[in-house]
Amino acid sequence: MSTDFYRVYESAGNKAGGLVNLYCLAHVRRHFVRAGDANPEQLRYWTEKWLDRFRVLYRAHDELTAAWHGSTAPARGQETAAAERLEKANRAWDAAIGVIDAERKKQAQAPGLQEPAKKALATLDRDGTGSPPTGTTRW
């Protein structure tokens, strides 16, 4: 179930067996924009870097979607190329997610990080490896 952070959806995901909340990345990204708006003098560069990371992730998602569609019924003789494109797209997606996750963990430990930035980073903790402890939430 792709949702925003409305608690009712989170509760449903925790109660229903097999239901996984997939938080909309646009909603997650919005928290980073709002953090920058809350303190533009101190968080402008921080926000720009996070928006760059999200752009890379969006591009990786677009390529992964296109590669997946191309691999479902490739033209005759294009099976290997389609499979290679899909594998490359998967690696790009994993790399983009890895950068975001590593940076999230590093910055969450940084002393002196502005409160709006801390709150934005906390939205990334809802990825199934942090909170909620049930592991039923993803972004």
Among 76, 30, 34, the single one that is free of Cβ contacts under 8 Å to residues at least 12 places away in the same chain, surrounded by 12 or more Cβ atoms within 10 Å (Cβ to Cβ) and charged (D, E, K, R) is 30
Taking the conditions exactly as written (in contact (Cβ under 8 Å) with a residue 12 or more places away in the chain and not hydrophobic (A, V, I, L, M, F, W, C)), does residue 61 satisfy them or not? yes
Considering each of 135, 130, 98 in turn, give the residue that is modelled with pLDDT under 90 and loosely packed, with under 13 Cβ neighbours inside 10 Å. 135
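The values are calculated or read from the model by the stated rules, or taken from the named source; none is laboratory data. Because the structure is predicted, anything quoted here is derived from the model rather than measured. Ideal geometry is used to build each Cβ from the backbone, glycine not excepted, and the neighbour counts take in all protein chains shown.
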